Structures are given as C-alpha cells and as structure tokens.
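Encoded as structure tokens, the structure appears first; notes follow it.
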Amino acid sequence: QVQLVESGGGLVQPGGSLRLSCAASGIIFSIEVMGWYRQAPGKQRELVATISSGATTNYADSVKGRFTISRDNAKNTVNLQMNSLKPEDTAVYYCNAVLNVEYAGPLFNYWGQGTQVTVSS
C-alpha cells in the first residue's frame with residue numbers, strides 16, 4: 001500500500017508565499033514522476049508542475065516563474081515553492097506520484113488527499 005501525505009497549505013495574502021510538501025511511503029521500488037495538480041471549485045483538476053526522477057520539470061504556463069518544484073529521490077518527497085501567489089491560485093492542491101512497486105513492474109498512479117490553498121486579502 002502506498003500513501004502520499006501532503007502538508008503546507010493554508011491562507012495567504014496576494015503576493016505571499018507558501019511551500020507545499022508531499023511524502024510518499026509504503027512499498028515503493030521507484031518513482032518515475034512526482035507532481036502537483038490543483039482543482040478550484042467548479043473547475044477540472046489541472047496540472048501545476050511535475051518533476052521526473054532525472055529532475056526534468058514541467059510547469060503550467062500560469063505558474064511559470066512563480067512556482068518551483070523539487071524532489072528528494074532518496075526520501076520520496078516532492079515540494080512546491082509557491083511565490084507571488086494570486087487569488088486565482090486558490091484551489092485544493094493534490095500530490096501525484098507515478099511509480100512501480102517492483103523491478104520492471106507496471107506503473108501505478110497515486111494521489112494524495114489534497115491540501116487547501118487560499119489566496120485572499
């Protein structure tokens with residue numbers, strides 16, 4: 001059983017910063033990709049940023065230059081540093097991991113429970 005546990009959400013004023021963290025635990029052989037997605041009320045879940053095991057990153061255009069994703073492969077953790085936050089960044093943020101639990105095994109997609117980020121004055 002694999003679990004992803006997020007932390008770091010909260011309320012912040014426009015222009016402020018927050019740092020989200022996610023730790024994966026359980027039977028894990030390797031994690032190919034870790035990432036963050038978000039879902040605002042009435043909207044579909046959307047990609048925020050991903051990072052591969054080789055540290056290749058991908059960002060949504062809306063967060064480029066403001067958000068930075070990083071990971072620690074040894075600890076199976078991923079972080080999202082969010083700066084210059086805007087009200088439109090308000091959403092539930094979900095951690096995601098694409099991983100396998102055994103050598104040369106199939107890849108599985110796991111999600112965290114989500115953490116609320118609210119940007120408001």
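Just want to confirm a number: the relative contact order over the chain, from Cα pairs under 8 angstrom separated by 6+ residues, in percent. Walk me through the intermediate numbers first.
Working: 306 pairs, mean separation 43.7, N = 121.
Relative contact order here is 36 percent.
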*Kindly list the residues of segment 18-46 that lie in the label zone of residue 83, defined by a backbone N under 12 Å from the point 7 Å along the Cα-to-C-beta vector.*
18
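Mind checking segment 1-74 for chymotrypsin sites (Phe, Trp or Tyr not before Pro) that DSSP puts in a loop (not H, G, I, E or B) and that have at most 10 other Cβ atoms within 10 Å? Numbers along the way, then the final one.
Values: sites: 29, 36, 37, 59, 67; in loops: 29.
Of the chymotrypsin sites (Phe, Trp or Tyr not before Pro), not one in the loops of segment 1-74 has a Cβ with at most 10 other Cβ atoms within 10 Å.
Hey, could you get me the Stokes-Einstein D for the chain, Kirkwood radius over alpha-carbon pairs, 4 °C and 1.567 mPa s, rounded to whole µm² s⁻¹?
Numbers: Rh = 14.5 Å.
In µm²/s, the coefficient rounds to 90.
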*If you roll a 1.4 Å probe over segment 4-121 with all protein chains in place, what percent of the accessible area is carbon or sulfur?*
51
*In whole Å, largest first, what are the principal axis extents of the Cα atoms in segment 56-121?*
48, 24, 21
*asked:* Ignoring trypsin sites (Lys or Arg not before Pro) that are buried or in helix or strand per DSSP, and keeping those with at most 12 other beta carbon atoms within 10 Å, what is the longest stretch of the chain between them?
replied: 76-121
*Run through the DSSP bridge list for the chain and note the antiparallel percent, rounded to the nearest 5.*
95
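Hey, what's the chain come to in accessible area per residue, 1.4 Å probe, Å²?
53
The values are calculated or read from the model by the stated rules, or taken from the named source; none is laboratory data. Being a predicted model, the structure only gives us computed values, none of them experimental. All Cβ positions, glycine included, derive from the backbone under ideal geometry; neighbour counts span all protein chains shown. Remember, those area values only see protein heavy atoms, side chains included, never the ligands or the DNA or RNA. Shrake-Rupley method; radii C 1.70, N 1.55, O 1.52, S 1.80 Å.
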